[in-house]
Structures are given as structure tokens and as C-alpha cells.
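Data block below; observations after.
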Amino acid sequence: QLQASGGGLVQPGGSLRLSCAASGRTANSYAMGWFRQAPGKEREFVAAIRWSAGTPFYADSVKGRFTISRDKSTNTGALQMNSLTPEDTAVYYCAAGESIILSSIRIPRAYKNWGQGTQVTVSS
């Protein structure tokens with residue numbers, strides 16, 4: 001199971017940090033991803049990380065502004081979001097799966113487990 005937290009309201013240019021706690025054992029082939037869905041839009045990839053090596057992957061729209069990380073000792077992933085814009089407003093979901101191949105790392109259906117969403121609103 002995954003438990004996401006950390007959403008909220010922030011002004012443009014501000015920062016938020018999302019966390020995702022994973023219960024149970026995480027295998028070496030584990031990967032955690034963050035996706036978001038704005039009203040009327042499809043769910044889109046934001047970032048992902050290979051649990052074992054810590055290799056990150058980012059959507060072009062967030063590269064340089066967002067940083068994904070994981071703490072293997074606490075089984076917790078995080079998404080640090082800086083320089084937020086109103087276009088980042090969405091419900092953010094963390095997801096996890098095992099043995100996700102590189103070509104599928106950005107595809108929602110590749111992830112087996114999903115946390116509840118957390119709302120991020122960027123507005124002045």
C-alpha cells in the first residue's frame with residue numbers, strides 16, 4: 001500500500017514536497033512514480049525512480065524544477081517541487097511496481113499499486 005501526503009495551496013514560484021510511504025517489503029526491481037491529473041485532462045507522468053539504484057526519470061515539463069528521491073531505510077519516496085506554476089495544479093498520485101521496463105516507466109498502467117491522490121494547487 002502507498003500513502004501520499006504533502007499537497008496543499010502554494011503561490012506561483014513556491015515549493016512543496018510530496019511524500020509517499022510504502023508499506024511492506026520493496027524488491028530490488030521496485031520503481032516508484034509520480035503522476036498527476038488536472039480537471040478534464042488525462043493522467044500524466046511526472047517523475048519516477050528506480051528504487052535500487054536511485055535512477056530518476058522526469059517529464060520534460062518538470063525537469064530542472066522537480067526532484068524525485070527515495071529513502072530505502074524508511075521505504076519512503078519524495079517529490080520536491082520548486083518554482084511551481086499554475087500549470088502544475090493537479091491531483092498528484094504516487095504509484096509503484098516491480099520490474100517496470102524502461103520503455104514503460106512513464107506509462108500509468110505499468111504500475112500495479114497506487115496511493116490516494118493529494119491535491120496541489122498553485123494560485124495567487
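Every number in this text was worked out from the coordinates using simple rules, so none of it is lab data. All of these numbers come straight from a predicted model, not from anything done at the bench. A quick note on method: Cβ atoms are made from the backbone with ideal geometry, for glycine too, and the neighbour counts reach across all protein chains shown.
In summary, the lysines within cross-link reach of LYS112, defined as a Cα separation below 21 angstrom excluding same-chain residues under 8 places away, comprise LYS72.
At an R0 of 35 angstrom, the distance between the Cβ atoms of SER83 and SER103 translates into a FRET efficiency of 0.75.
Within the same chain, aspartates and glutamates fewer than 8 places from LYS63 are excluded, and of the rest, those with a Cα less than 20 Å from its Cα are GLU42, GLU44, GLU87, ASP88. Each residue, GLU44 and ALA27, gets one label point 7 Å from its Cα in the Cβ direction; the gap between the two is 3.2 nm. In order along region 56-62, phi translates into HN-Hα couplings of x, 9, 9, 6, 4, 5, 10 Hz, rounded to whole numbers, per the Karplus curve 6.51 cos²θ - 1.76 cosθ + 1.60 with θ = phi - 60° and x for Gly and Pro.
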